[in-house]
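Q: Sharing a structure, written as structure tokens. Questions coming.
Coordinate-derived values only; no laboratory data. This one's a predicted model, so the numbers in the text were calculated from it and none came from an experiment. In this analysis, Cβ positions are derived from the backbone assuming ideal geometry, glycine residues included, and neighbour counts consider all displayed protein chains.
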Amino acid sequence: MQDDFERIAALRKELEEANKQYYELDQPRITDGEYDALMRELLALEAKHPDSVAPDSPTQRVGGAVAKEYTKVRHLEPLLSLDNAFDAGDLREFDRRVRQVFAEVEYVVELKIDGLTVALTYVDGLMVRGATRGDGSVGEEITANVKTVGSIPLRLNKPVAKLSVRGEGYMPKASFARLNQEREEEGLSTFANPRNAAAGSLRQLNSRITAERKLDYFAYQLLSANELGLNNQIDVLNYLKEQGFVVNPEYKVFHDIEEVIKYCEEMAGERHRFPYDIDGLVIKVNDFDLQQELGFTAKSPRWAISYKFPAEQVETVVEDIILR
Ligand SMILES: NC(=O)c1c(N)nc(OC2CCCC2)nc1O[C@@H]1CCC[C@@H]1O
């Protein structure tokens, strides 16, 4: 018979493995019910041995902290916004400006997830802080809520002294539909779209409520990447995956803006085939030395632009008028 501490270690290992299978590999091996039973057993054992609770224990994901209001946090580096391109002409103009500095350029094109930016800080491999974008310089501290997002690692696979990650917190369409269904049944107001639902869920003062919202996260940026020997965006995305983050797999590399334009126009028609909302694409110069050369305008990088999908003709569906 294992003693409590051996059982605690075994349960943590099993729950972390199940989490990895579910979020990173998208192949759940145990049912939600089995996962919950293991979690309940671990919570009970940790309650019996409170000094055994580690900050990266899976039990830290169930939430429970109820904040009274938000503390504000200043970001290490400001979170930038993006200039927008609305058509092929805008993209050609962006490319012309880039090529004024370098004739040869490689672009990485990523889906633009329609969520909200969340900045994560890890110290010695453990997640110590999560923060909203706020005004770009000062955001809200939402660490307890961020810990409930299953695809955000509580501990890095290869701990480093300090790591600052940026990515998009979002609510998958399925979670959004279920949440609005539940709220309707409870006579509560429904959320207008997954982005609002994600923002409301991540800015919840009660992290137990956040834990129920089934949020997700795609990492896409690292601060001080060059200190880690990473000198382009593709290397950063691979590094983030190695560390245990979920990176959106739909990114592509192009060498020519005409290919980028073709891909953007193709994707405008494909936007609904993903299990999450996207509102465009983000085109980034891949090489960090070239990004450095290009620099920034007052509010956004000169080495990145977002291609916004054209507004859709939403046919107004007239609700069937139920004649009572
Ligand atoms: N929403 C996204 O999927 C996304 C992305 N895939 N990549 C970036 O790269 C940043 C890095 C520096 C400038 C933009 N930003 C994104 O979202 C931004 C955050 C703020 C405005 C955009 O939504």
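Q: For residue 138, which sequence-distant residues (separation of 5 or more, or a different chain) have an amide H within less than 5 Å of its own amide H, given hydrogens modelled in the peptide plane?
A: 75
Q: Roughly how many whole Å is it from the C-alpha centroid of segment 1-80 to that of segment 195-231?
A: With segment 1-80 and segment 195-231 each reduced to a Cα centre, they are spaced 16 Å.
Q: With labels modelled as points extended 7 Å from the Cα through the Cβ direction, what inter-label distance (nm, one decimal) is found for residue 253 paired with residue 6?
A: For residue 253 paired with residue 6, the spin-label model returns 4.9 nm.
Q: Per residue of segment 95-108, what does 6.51 cos²θ - 1.76 cosθ + 1.60 with θ = phi - 60° give for ³J(HN,Hα)? Whole Hz please, x for Gly and Pro, Karplus curve as stated.
A: The phi angles translate into 5, 4, 5, 5, 6, 5, 8, 9, 6, 9, 8, 10, 10, 9 Hz.
Q: Taking only Cα atoms and a 10 Å spring cutoff, compute GNM fluctuations for the chain and point out the largest among 91, 79, 228.
A: Among 91, 79, 228, the largest GNM mean-square fluctuation belongs to 228.
Q: Right, next: For a quick check: with amide H placed at 1.01 Å from N, whose amide H comes under 5 Å from residue 280's, ignoring anything fewer than 5 positions away on the same chain?
A: Correct list: 112, 309.
Q: Against the longest principal axis of the chain, how steep is helix 257-268, in degrees 0 to 90 to the nearest 10, with axes from Cα atoms?
A: The angle comes out near 50 degrees.
Q: If you filter segment 252-292 for GluC sites (Glu not before Pro), then keep DSSP loop positions with at most 13 other Cβ within 10 Å, what is left? Walk me through the numbers on the way to the answer.
A: Details: sites: 258, 259, 265, 266, 270; in loops: 270.
Filter output for segment 252-292: 270.
Q: Could you list, in their original order, any pairs among 13/241; 241/284; 158/308; 112/299; 162/241; 147/299 whose Cα atoms are separated by more than 28 Å? Intermediate values should be presented prior to the final figure.
A: Numbers: 13/241 20 Å; 241/284 19 Å; 158/308 36 Å; 112/299 18 Å; 162/241 17 Å; 147/299 30 Å.
Beyond 28 Å: 158/308; 147/299.
Q: I would also like to ask the following. If amide hydrogens are placed 1.01 Å from N in the peptide plane, which non-local residues have theirs closer than 5 Å to the one on residue 214?
A: Under 5 Å from the amide H of residue 214 lies no amide H from a residue far enough along the sequence or on another chain.
Q: Right, next: Given the chain, what whole percent of its Cα pairs are spread farther than 28 Å?
A: Working: 24125 of 52326 pairs.
Of all Cα-Cα distances in the chain, 46 percent exceed 28 Å.
Q: Counting each DSSP H run of 4 or more residues in the chain as -39500 (n - 2.57), what helix-only mean residue ellipticity at 222 nm follows after dividing by all residues, to the nearest 500 deg cm²/dmol?
A: On the way: 10 runs with 108 residues, N = 324.
Taken over the chain, the calculation gives -10000 deg cm²/dmol.
Q: Can you pull the semi-axes for segment 159-295, root of five times each eigenvalue of the Cα gyration tensor, sorted largest first, whole Å? Write out the running numbers ahead of the final one.
A: Values: eigenvalues 210, 91, 24 Å².
Ellipsoid semi-axes (Å, largest first): 32, 21, 11.
Q: For residue 100 paired with residue 273, estimate the spin-label separation in nm (one decimal), with each label point 7 Å from Cα along the Cα-to-Cβ line.
A: 3.8
Q: Moving to a separate point now. Can you give me the relative contact order of the chain as a percent, contacts being Cα pairs under 8 Å and 6 or more apart?
A: Numbers: 541 pairs, mean separation 76.7, N = 324.
Contact order relative to length: 24 percent.
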